[in-house]
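Derivation of every value follows stated rules applied to the coordinates shown; laboratory data play no part. In this text, all values refer to a predicted model and were calculated from it rather than measured experimentally. Positions of Cβ are backbone-derived with ideal geometry, glycine not excepted, and every protein chain shown enters the neighbour counts.
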Amino acid sequence: MALHDLGTAVRRLRENTDPATVGLPPGGTRRVRGLRREELADLAGVSADYVRRLEQGRRQPSAGVVNALARALDLGRAEYERLCALAGYAAAEGRVPGDAGPGALRLLERFGDTPAFLTDAAWNVVAVNRAWLALQAGAPAQHARDWNVAWRTFCNALGGIHRTGDGAAGFRAMLAARLRDAALRYPGDESLAGLVDDLRSTSRPFDTLWRTPETVSGYENQAVFRHPDGTDLTLDGNLLHVPGDDLMAVVLTAAPGSADAARLGEVVRAAGAPSVVRVGQTGPG
């Protein structure tokens, strides 16, 4: 339903846009009202087939495409915000929001014995739950960006978390793709721009992904967590969106009935940390 509503909105905006307002000549008698699909596609830098599929509710546009469409249609602020909302993105031009509201914190708390944490759009961790702390995945290295997932992954990896092969490559591609979307949504955030610049100058793999981005449709990843007692826990990670605060929740689970699930339960039950901890962040975002 959401994609259908988005497609309907794009079609309505296209048909109600006067070609002259976006710099196009009248071109004689027009057989369609407003802009042609081909004209919108040219202005937004996408294909006419992409616009057709989008209007049919068959495409989920990235944040960058939404912004490109908004510029091509010369949308006002209210229409731009509605288009972003229909596409599932925050309409923002300032800094990446880094505060977790009460609802987001309650969501984190309700995961209970399931390790989970909240990050902002720049991948700064803003809150963690008791189960995540119980994993003790690695000690901070006292760097300003210790709590930034992208920085830890590309430049200063935690020793207690391991991914190999396709899992590691897929995780890195997902991080870079979502950072690129965040940079498009928050072009005025100097701290986010600084993070991207530092990642590109410090990590060649990140720079390669930034210059030649991969399409990432979803996220599900597996990692091995080495507990300080020497136990290895294989956990599956899933990413959930918290759209009201423009946050992401990373949730880690073990296969039901597995030895990993049993050991995870033991580790979490032995932890005495508070249910939810807000994380101080001195890095960007």
Taking the stretch 2-87, the whole-percent share of alpha-carbon pairs separated by over 23 angstrom is 13
GLU190 and ARG82 label points (each 7 Å along its Cα→Cβ direction) are spaced in nm at 3.6
Short to long, in 10 Å steps from zero, the percent of alpha-carbon pairs of the stretch 102-278 per bin is 9, 38, 38, 14, 1
Summing -39500 (n - 2.57) over every DSSP H run of at least 4 in the chain, dividing by its residue total and rounding to the nearest 500, the 222 nm mean residue ellipticity is -13000 deg cm²/dmol
Given 150-160, 196-206, the highest-first ranking by average Cβ count within 10 Å works out to 150-160, 196-206
Of 250-261, 40-51, 108-119, 14-25, ordering from highest average Cβ density within 10 Å down gives 108-119, 40-51, 250-261, 14-25
With +1 at each Lys and Arg Cβ and -1 at each Asp and Glu Cβ, the charge dipole magnitude of the stretch 145-285 around its Cα centre, to the nearest 20 debye, comes out at 160
